[in-house]
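Since the structure comes first, as structure tokens, the remarks are kept for the end.
Values quoted throughout were computed directly from the atomic coordinates according to the rules given, and no laboratory measurement underlies them. Treat the numbers as computed from the prediction; the structure is a model and nothing was measured. Cβ sites come from the backbone with ideal geometry, for glycine too, and all protein chains shown count toward neighbours.
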Amino acid sequence: MGIFGGKKQDAIDIAAQQRAQEQAEIEQEFLKGVRTLRDLIAPSSLEINSSYFRLGNKYGRTLYVYGYPRQLYTGWLSSIINADEVLDIAMFIYPVESEVVMKNLRRKVTQLEASQSINSEKGKVRDPSLEAAISDAEELRDQLQLGAERFFRYGLYITLYADSLDEMDFMQHKIESTLGQQLVFSKVASSQQEQGVQSTSPQLADQLQIRHNMNTGAISTSFPFTSADLTQEKGVLYGINMHNNGLVIFDRFSLENANMVVFAKSGAGKSFAVKLEAIRSMMTGTEVIIIDPENEYQKLSEAVGGSYVQMSLNSDIRINPFDLPRVIDEEDAADSLRANLITLHGLIKLMISNQAVPLTPNQEADLDQALIDTYARVGITSDPLTHQSTPPTINDLYDTLLHMGGSGPELAQRLRKYTTGTFAGIFSQQSNVDINNNMVVFNIQTLEDELRPTAMYIILNHIWNKTRTDRKKRMLIVDEAWQLMKYEDSANFIFSLAKRARKYYLGLTTITQDVEDFMASKMGRAIVANASMQLLLKQSSSAVDVLADVFKLTEEERKRLSNFPVGQGLFFAGQNHVHIQVVASPTEQTLVTTNPQAALDAQKAAELANQAVENKEVDIRKGYLSEGEIK
């Protein structure tokens, strides 16, 4: 019985094993039909050739970098990273122990110095490359000894992808040319394309193992995160990013302040760029106020239904510099009179400084007292409740100075041309300007040169008072700002405006073509420092050095700045800057262009269109056109 029982148990075990094996085979067959994540992301096929590989329908080719120049500059790899091509870039960095490097450098320096001595003994001409190698090695030894540098092995591989081999060859030539311009040399990984694609895929596997010795400084120049991308979800289009053909879309009000400076020589496209920004900003609900010294914004203002204010001695437009802002903020209200007194003090000095007679300390004290007394005579004091009264005018100040002691009568005589003299009327009466439009342009073209700085100062103060009274999202554009920077008091005022604009939701744009004079001013440099955005278009050769020093431009940017074509420049926003091309649609082009030839072409086209309409009307009257043709 024991024998038969044992055989029966063996038969049961064999049957169980067969069932388990059959079940495993069934599960394997089932799993073959189940899609895994690997199946979903894997290409349909992979074909490896000696100089390329084919991944599904795409062709690929891996290059490796084998040669570098003696010096590498920061961002040398950014042109490849920002290339408008499909690329995979892999960097492998292997730290090397400093002791090992020091030992090898000692041996290398000894060999180089021995070679130099042998050449000298044989009377050979000195070898500059040998001297440079010794100098570099010694410098590196010193840096390693001090711990200021470390040593690394660096590998750089680039895999290109294209739809055809011809396109692949074109891409390879483009990449090699871009690298070759910087004396960085690359080769195709011949017969190693499989290892190449695996090295550039995210597997952390360096299967090519082609490396180059580099120290910390050289490694840092290849920092990969240098993509100059200034595209935001909100904002306006400033132009095309020439690094990667992307769009530069930016909201200036998203920065720490919304101020902007624009530097360019005449004809470089500065007004064109600023006008484009203005009309595009209006579409986002931003009000635009412009001080126009050359009558360049009238056409734009009329096209968008803006207010065009013509400032001239013969105009009925009047602005009273003694106006006070009707502010709601209690702190601002209490301080508004004092702030306006300081502004008026600078204005009066500017108005009478043209006579080249500076004010003495006693005269400045008398002027300050006269300003206070002038407000007091109409019932306006430091109490905010009195600020609703009708403000005085320059005529009232003249009368106060004339009847006070000390230097008052003398100051009154120097101010008389603005009350009863040549410039009477324009700034000596109550204001009748209402800044209540999405675009307001103040044109000061017809004002005399002597009166322009004063007019710009008074208009700016009037706009500032309006801004403090009614806080809205606004842009203030001051064209030819260098005219204000020539005088200390007006320069101080515009700097104060730039510094305080953010609090009142105001973005100040200063435009100038006289870069050297602007930057020579202490206040001019302060205004640039208080601007979160800068646009540098084509510059004169003398201005390039000044801007390169202020904006810390690279040698390449310095060279480009004087050679940019019209409409191209450097666009700075916060810590980022890009090479930009300002572009406009055909409709925008007709509105903002200041090119004389373009204006003549547009005028001729309009005349032809009017002539065609007149001819059609004649044909209709003669009965040449049918009812359908008329429609």
- Whole-Hz couplings from phi, Karplus 6.51/-1.76/1.60, listed for segment 488-496; x for Gly and Pro: 4, 5, 6, 5, 4, 5, 5, 5, 4
- Message: I need the phi-derived Karplus couplings for segment 476-487: 6.51 cos²θ - 1.76 cosθ + 1.60, θ = phi - 60°, integer Hz, Gly and Pro marked x.
- Response: 10, 10, 10, 7, 6, 5, 4, 5, 7, 6, 6, 10
- Message: Among 390-403, 307-320, 105-118, how do they line up by average Cβ neighbours within 10 Å per residue, starting with the highest?
- Response: 390-403, 307-320, 105-118
- If the limit is 28 Å between Cα atoms, which of LYS417/LYS473; LYS265/LYS299; LYS503/LYS538 go over it? LYS417/LYS473; LYS503/LYS538
- Message: Counting only other residues whose beta carbon sits under 15 Å from that of THR62, what net charge do I get with K and R as +1, D and E as -1?
- Response: -3
- Chain lengthening between ASP142 and SER79 when straightened (0.36 nm per residue, less Cα-Cα): 19.4 nm
- Nitroxide proxy distance, nm - points 7 Å out along Cα→Cβ at THR386 and GLU488: 3.1 nm
- Enumerate the calculated ³J(HN,Hα) couplings along segment 50-59 in order (Karplus 6.51 cos²θ - 1.76 cosθ + 1.60, θ = phi - 60°), each rounded to whole Hz, writing x wherever the residue is Gly or Pro. 5, 10, 7, 9, 10, 10, x, 9, 9, 9
- Query: What is the spin-label model distance, in nm, from LEU591 to SER542 if the labels are put 7 Å beyond Cα along the C-beta direction?
  - Reply: 3.7 nm
- For the residue pair ALA11 and TYR94, what label-to-label distance in nm results when each label sits 7 Å from Cα along the Cα-to-beta-carbon direction? 6.6 nm
- Message: Applying a 10 Å radius around every beta-carbon, put 87-98, 442-453 in order of their mean neighbour count, most first.
- Response: 442-453, 87-98
- Using alpha-carbon pairs under 8 Å, 6+ residues apart, how would you state the relative contact order of the chain in percent? 16 percent
- Query: Quick one: length gained pulling GLU29 to ARG471 fully straight, 0.36 nm per residue minus the C-alpha distance?
  - Reply: 151.8 nm
- the chain: angle of helix 128-146 to the longest principal axis, Cα-based, in degrees nearest 10: 90 degrees
- Query: If we count other beta carbons within 10 Å of each Cβ, what is the order of GLU480, GLU22, fewest first?
  - Reply: GLU22, GLU480
- Likely footprinting exposure, ARG525, ARG252, ARG19, ARG502, fewest C-beta neighbours within 10 Å first: ARG19, ARG525, ARG502, ARG252
- Message: Among GLN575, ASN320, VAL546, which residue has its Cα furthest toward the positive end of the charge dipole of the chain, with +1 on Lys/Arg Cβ and -1 on Asp/Glu Cβ?
- Response: GLN575
- Item | Sequence-distant residues sharing a close amide H with SER532 (under 5 Å, placed H) | ASN257, ASN259
- Task: Report which label in (i) 40, 34, 20; (ii) 68, 37, 29; (iii) 47, 33, 21 holds the value of semi-axes √(5λ) of the Cα gyration tensor in Å derived from the coordinates of this structure.
- Result: (ii)
- Query: What's the extension gain from SER115 to THR360 if we count 0.36 nm per residue and subtract their Cα-Cα distance?
  - Reply: 80.6 nm
- Message: Could you order the peptides 281-290, 490-499, 297-306 from most to least packed, using the average number of other C-beta atoms within 10 Å per residue?
- Response: 490-499, 281-290, 297-306
